[in-house]
1. Taking +1 at the Cβ of each Lys and Arg and -1 at the Cβ of each Asp and Glu, which of Pro179, Ala194, Phe161 sits farthest along the dipole of segment 153-245 towards its positive end, judged by Cα position relative to the Cα centre?
2. With a 1.4 Å probe and all protein chains kept in place, how do Phe196, Phe115 rank by accessible area, largest first?
3. In segment 1-114, carbon and sulfur make up what percent of the accessible area (probe 1.4 Å)?
4. Each label point is 7 Å from the Cα along the Cα-to-Cβ direction; what then is the distance between the points at Glu446 and Arg310, in nm?
5. Kindly sort Lys143, Lys679 by accessible area of their heavy atoms, largest first, with the probe set to 1.4 Å.
6. In deg cm²/dmol, rounded to 500, what helix-only [θ] at 222 nm does the chain give when every DSSP H run of at least 4 residues adds -39500 (n - 2.57) and the total is split over its residues?
7. May I ask you to derive the FRET efficiency for Ser423 and Phe317 from their Cβ-Cβ distance with R0 = 25 Å, giving the value to the nearest 0.05?
8. Explain nothing, just the number: relative contact order of the chain, from Cα pairs under 8 Å at least 6 residues apart, as a whole percent.
Amino acid sequence: MSVVAEMNQFKKNVLMFFDRPLEPIFMPKCEGKVHFRLPASYYPDKYKTAIDFVKDWITRDCDETVDVPEIQPPDLTLPLQLDFYDEFSMFVPAHREMAKSLIHILMNAKNLEEFQCLAIFCQMRINPSLFNYALSVAILNRKDTKGINIPSFAELFPGKFIDPWVLECARKAVAILLPDQRKPITIPQNYTAASFEPEQRVAYFREDIGVNLHHWHWHLVYPMDANDLSIIDKDRRGELFYYMHQQIIARYNIERYCNNLSHVVPYDLKSPIEEGYFPKMNSKVASRAWPPRFTNTTMYNLDRPDVQVRIDLSDMFRYRDNIEQAIENMEVILPGGGTMSLEGDKGIDVLGNLIEASALSPNKGYYGDYHNGGHLFISYSHDPENRYLEKFAVMGDPTTAMRDPVFYRWHTHIDNLFQLYKSKLPPYTKNELEWSGVSVHSVGVESAAGASALRTQWERSALRLDRGLDFAKLGSVLGTVTHLTHHDFVYAITVENTRVHEVTGTVRLFMAPTQNDKGDWLKFEEQRRLMIELDKFTHPIPVGRSTISRRSLDSSVTIPYDRTFRPQSERPGEPGFAEAAAFDFCGCGWPHHLLIPKGTASGFAMTLFCMITNWEEDRVAQDLVGACNDAASYCGIRDRKYPDRRAMGFPFDRRAPANVLKEFLTLNMATSDIIIRFKDEIRDHQNKD
C-alpha cells in the first residue's frame with residue numbers, strides 16, 4: 001500500500017470512532033462490516049473477560065479487519081477523573097483541564113497510526129462526551145487529519161437535541177423491523193411547554209437542531225483552552241466570540257418581535273430568573289434526565305465539590321465591576337501590575353477573550369471566568385450545593401444551552417458589556433464610511449413571493465438516528481423534524497461607478513426590523529443593534545451603472561442545508577478526502593434555513609440595507625485556495641485570517657449621531673422596505689442537487 005493510500009485508510013478508520021460512540025471500539029463498525037483487532041493490553045479491566053467472545057462471535061461476520069499494533073499506554077490520570085457515565089462541560093474548569101490533557105495526548109501523536117492507536121486506547125476508558133470533544137478538537141487542529149468529515153453531533157448524541165420518546169421508538173424499530181420496513185419517526189415540534197406559555201412562541205428558534213449545532217460547532221472550532229495555545233489563538237478569536245453571540249441575540253429579538261414578544265431583558269445573576277425551562281431530554285451518557293429549572297429560581301453561591309467548583313456570587317459581581325472599570329479606563333490590568341490598552345483595532349479582541357474567558361485572557365485572576373461562570377451558576381441553580389446530587393442543566397453544555405430562554409438573557413447582559421466598550425469608540429467619520437466615485441442607487445429582493453417580499457413557512461426534514469442507538473441492531477432509521485425555512489430569493493443591487501476604471505467592492509447586506517413588538521418606530525441606536533448580517537462578498541464594479549445579482553443560497557453567513565440535516569455518510573465523495581466537502585471546519589456556520597426571520601401572516605416590515613466599500617481597503621492578503629470560507633462571517637476561515645479588515649458588524653458596530661437610519665446613509669449605501677410573510681404550512685424538503 002502506498003503512503004498516500006495508507007494515510008487515507010487511517011483517515012477512514014478515524015471516522016469509525018464517531019460510529020455509535022458509547023459502544024467500545026472493538027464492536028463492529030460501518031454497519032457491522034469492519035472490526036478493529038486489538039491486542040489484549042488495550043482492553044480495560046471491565047472488558048477483559050470479553051476478549052475471546054469478541055474474537056469468536058461478535059466479529060465473525062465482519063468483512064474487514066483492522067490490525068492495531070501495541071503502543072506505550074498514555075498517562076490518562078487526569079481525564080480518567082471524570083466518571084465514564086458523568087456529564088462533561090467545558091464551562092467547568094476541572095473538566096477543561098481534563099480536556100486539555102487528552103487533547104495534548106492526541107495532538108502529540110507522531111503520525112496517523114499512533115493517533116489511531118491512542119484514540120482506540122482512550123475510547124474504551126474515557127467519558128464518551130469528553131473523548132468525542134477532545135478527538136474532534138484534535139482532528140480540527142492536526143495537519144494530517146484535516147479534511148475528515150466529522151459526523152453531525154446530532155447523529156452521535158441525539159438525546160441532546162430531540163424528545164427521548166423518539167429514540168425509544170427508533171430503538172424498537174431497529175429491533176423489530178428490517179431496514180426497508182422502517183418508516184421515519186416524527187419528532188415533535190413543540191413538546192417542552194404548553195402553547196399558552198409566552199416563551200414557547202419562539203421555541204422553534206431556541207430548540208432548532210441547526211441553531212444548537214451551530215453553537216456547539218463554533219465552540220469546537222474555537223475551544224477555550226489547550227496546552228498548545230496555537231489551538232486557541234486563532235485570528236480575531238475574541239472579536240468573533242463577541243460578534244457571533246451579538247448576532248444570535250439580534251436574530252432572537254427579531255423572532256420575538258415577529259411573535260408579539262418584547263425585547264430580551266438582560267440577566268445579571270442578581271434577581272430570580274422568571275422563566276422556567278423543562279428540557280424533557282435524557283442524557284444517554286449519564287442515563288438520566290436533564291434537570292429542569294422552575295420559575296423564579298434564585299442564584300446562590302456555588303459549592304459543588306463533585307466538580308471542584310466553589311464560587312461566591314460576590315466574586316462574579318467583583319469580576320463584572322473589574323471588567324466595567326477596564327472598559328471605562330480603556331485598559332486592562334495585567335498580572336504584574338502593568339496595563340494593556342483597549343484602544344485600536346485589537347481592543348475588542350482582547351476584551352472578547354477576557355470576558356469569555358478563554359486561555360487568552362490577559363488576567364483571569366483579576367477579571368475571572370465571567371461568561372463561563374454565569375453559565376455555571378445558572379446551570380447549577382436547581383442544586384447549587386449538590387444537596388440532591390443533580391448534574392448541571394442545559395446551560396452547562398454549549399450543545400444544549402441555546403434551548404433555554406435564559407441563555408439569551410445572560411448573553412444580552414454579556415453583549416451590553418461589549419456595547420459599553422463600543423460606546424467608548426468614536427463614531428465612524430464620513431470619510432470612513434463613504435467611497436468616493438461609487439454610489440448605490442437601490443437594493444431589493446426578487447422571489448416567488450414577489451418584489452420586495454420574502455416568504456417563510458415550515459419544512460419537514462430527515463435526521464439520521466441510528467448512529468446514536470448504541471448497543472442496538474444495525475441499520476438506518478430516520479426521524480423527521482419540522483423547522484422554519486424560507487423560499488430562495490435573489491438580491492438586486494444597482495450601483496454606479498463614476499471612476500475612469502473598474503473597481504472591486506465589498507458588498508455588505510444587513511436587515512433589521514422597522515418597529516418593535518408594540519408598533520413603535522425604532523430609532524437608529526435601537527435598529528443598528530438589531531441589524532443581522534445576511535451576506536458579504538466581493539464583486540467587480542464596471543464603469544457606469546450596473547446591476548449586481550446575488551443568490552440567497554450563496555450567503556457568507558450560512559452553511560448549506562446538507563451540513564445540518566443530511567447524514568454525512570450519504571454525502572458525495574469518499575470519506576476522508578477534501579473533495580467530499582469536509583464537514584469539520586466547514587460545519588461551522590449559521591443554518592441556512594434560518595437566514596431569514598419568521599415574519600408574520602400579515603407581513604412583517606423589515607429594512608434591507610446595502611453598503612459597498614473599497615475592497616482594496618478591506619482586503620486581507622492571503623491564499624484562499626482550498627479553504628472553507630462559505631460561512632466566514634460568524635466563523636472565520638480555517639487556518640486563515642478573517643477575510644475583512646473592517647470591524648465585525650461594520651458599519652453598525654458603533655454608535656452614530658443619527659436619530660434614524662436615513663440620517664446615517666452615505667452615497668455608497670441604500671435601503672429598501674421589504675415584507676416577510678409567513679405561511680403556516682408544512683412542506684417536505686426537496687433535494688436540489
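The values are calculated or read from the model by the stated rules, or taken from the named source; none is laboratory data. This one's a predicted model, so the numbers in the text were calculated from it and none came from an experiment. No Cβ is skipped: glycine too gets one built from the backbone with ideal geometry, and neighbour counts run over all protein chains shown. Protein only, heavy atoms only, side chains kept; ligands, DNA and RNA dropped before computing areas. Shrake-Rupley method; radii C 1.70, N 1.55, O 1.52, S 1.80 Å.
1. Pro179
2. Phe196, Phe115
3. Roughly 52 percent, rounded to a whole number.
4. Each label point is offset 7 Å from its Cα along the Cβ direction, giving 6.8 nm.
5. Numbers: Lys143 185, Lys679 85 Å².
Most to least solvent-accessible, the answer reads Lys143, Lys679.
6. -8000 deg cm²/dmol
7. Once the sixth-power term is evaluated, E becomes 0.70.
8. 17 percent
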